[in-house]
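Q: Before anything else, here's the structure in question.
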Amino acid sequence: MISDDDIILIMRILVDIDADDVAALDEEAAREKASRAALIRRAIQEFLHRRRAEGETEAFGLWRRHKIDGLAFQRKVRSEW
């Protein structure tokens, strides 16, 4: 029996790509023995992975520019409640 976990949805999209980029993509596809679509899927996955990783690290060091101790600020704000 097939469960929902066994179903993979794939969406087809239309993208305009410059002729030079298509030629470079074809060269890379031949070198890696992969299809254009496989290379494009991998590039998208790598791009999204990097973007997510960047978003996760953006918060580190946000308080560095403030001249107040984080705990002191927390106490000050909570005292207003």
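Q: Quick check on my filter: what residues within the range 17-58 are exposed (fewer than 10 other Cβ atoms within 10 Å of the Cβ), modelled with pLDDT of 95 or more and either within 13 Å of the chain's Cα centre (by Cα) or part of a loop (DSSP other than H, G, I, E, B) (or both)?
A: Selection gives Asp18, Lys33.
Q: If I ask for residues that are surrounded by 10 or more Cβ atoms within 10 Å (Cβ to Cβ) and of a type in the set (Lys, Arg), which ones from the range 67-81 would you list?
A: Within the range 67-81, Arg75, Lys76 meet the criteria.
The values are calculated or read from the model by the stated rules, or taken from the named source; none is laboratory data. From a predicted model like this one, the values you see are computed outputs, not experimental measurements. Glycine gets a Cβ as well: all are built from the backbone with ideal geometry, and neighbour counts include every protein chain shown.
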